[in-house]
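No lab work stands behind these numbers, since they all come straight from the coordinates. All values reported here derive from a predicted model rather than from experimental measurement. Note that each Cβ is placed from the backbone with ideal geometry, even for glycine, and that neighbours are counted across all protein chains shown.
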Amino acid sequence: MAKIKFLTLARHIIEEEKKHPHATGELSGLLHDLSLAAKVISLEVNKAGLVDILGFTGDSNVHGERVKKLDIFAHDMLIWAMDHGGHLCVMASEEEEDIIHIPPKYNIGKYVLLFDPLDGSSNIDANVSIGTIFSIYRRVSPAGEPGTLEDCLQQGFKQVAAGYVVYGSSTILVYTAGNGVHGFTLDPAFGEFILSHKNIQTPKKSKIYSINEGNYLYWHPGLKKYIKYLQEEDEQTGRPYTGRYIGSMIADFHRNLLYGGIFMYPADSRNPNGKLRLMYECNPVAFIIEQAGGKAIDGKQRILDIKPENLHQRVPIFVGSE
Ligand code: P6P
């Protein structure tokens with residue numbers, strides 16, 4: 001029999017699931033449905049320049065940010081792909097103020113999905129990499145009833161899985177279900193995600209730092225000192241570091257996951273809680289980086305320990321090599 005070299009996402013999920021004797025296959029079904037949405041969004045993102053899907057809908061989202069059509073498309077696509085699989089009891093999205101209920105006959109699933117449908121969307125017209133980020137919990141409300149806000153507002157260390165898709169030079173889906181971090185690259189020829197990065201471990205140390213230096217004036221003095229320290233010359237500690245900042249968090253995070261480094265979106269005098277969202281941006285990447293041997297803090301505590309107060313709360317984040 002021919003030696004088949006490649007491993008599809010679907011096959012990998014099933015093999016991972018076999019490692020858990022009491023796995024029911026629901027999480028596998030959920031991740032499979034997510035990968036379908038990712039393929040369709042990837043198709044649209046990669047031809048965005050060709051059809052009239054660029055530009056603004058003219059609407060603005062719950063945060064008053066002008067919304068690009070692809071944002072809405074990705075949001076709608078994820079809901080369409082996820083709300084009838086029977087795996088979920090509730091969902092939440094960056095694009096929706098409140099929790100998203102699952103149609104009654106399908107809302108008996110035991111999982112909760114939170115997502116940022118298209119992070120970095122201000123970069124779409126410039127062909128810069130953007131991404132979808134997702135976070136999965138087990139429900140805490142009684143089975144058989146519709147999911148609740150309480151199901152969504154769980155601390156990050158309770159995530160059962162988390163991941164992201166980067167729509168860039170290729171489309172890559174990276175996820176963890178608590179047993180390491182694995183990356184799958186989409187082969188558009190036959191529309192399958194193929195294992196390309198098994199068991200990603202982020203370098204313990206690196207010379208890359210990612211931060212928007214345009215906010216320097218508003219930073220805490222200690223942060224100013226730290227960034228200046230990185231820019232000093234010192235052979236022994238490998239300084240000066242290299243600045244790399246795409247302005248699309250998931251693209252910056254993905255590069256640093258593979259190459260090592262630190263990504264920072266700190267609090268500053270204008271944004272006391274920073275800019276990035278806890279539930280569907282910081283918690284997922286914090287789960288991933290810790291599984292890959294790195295760290296994620298808000299400047300004081302572990303991101304995964306933060307007790308959420310609301311669905312769209314922002315937190316400062318310092319994430320990357322230990
Ligand atoms: P700034 C994109 O809009 C985003 O939400 C993240 O993807 C990115 O890291 C950040 O904002 C960039 O923000 O203030 O540096 O432009």
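Details
- Our summary gives the chain a relative contact order of 15 percent, counting only alpha carbon pairs under 8 angstrom and 6 or more residues apart.
- The GluC sites (Glu not before Pro) of region 197-286 that meet both conditions, a loop assignment by DSSP and at most 16 other Cβ atoms within 10 Å of the site Cβ, are GLU232, GLU233.
- In order along region 317-322, the Karplus-derived 3J(HN,Hα) couplings, from 6.51 cos²θ - 1.76 cosθ + 1.60 at θ = phi - 60°, round to 9, 10, 9, x, 4, 3 Hz, and Gly and Pro are given as x.
- Here is the size of region 101-245 from its Cα atoms: Rg then Dmax, 20.2, 63 Å.
- Based on C-alpha pairs under 8 angstrom that are at least 6 apart in sequence, region 208-320 has a relative contact order of 28 percent.
- The slack in the chain from VAL128 to GLU145, taken as 0.36 nm per residue of separation less the alpha-carbon distance, amounts to 2.0 nm.
- Computed log₁₀ I(q)/I(0) - Debye formula, equal Cα scatterers, no solvent, region 68-159, q 0.24 Å⁻¹: -1.16
- Shape call, the chain: gyration tensor on alpha carbons, a/c limit 1.5: rounded
- Added length on full extension, which subtracts the Cα-Cα distance from 0.36 nm per residue, HIS312 to GLN236: 23.2 nm
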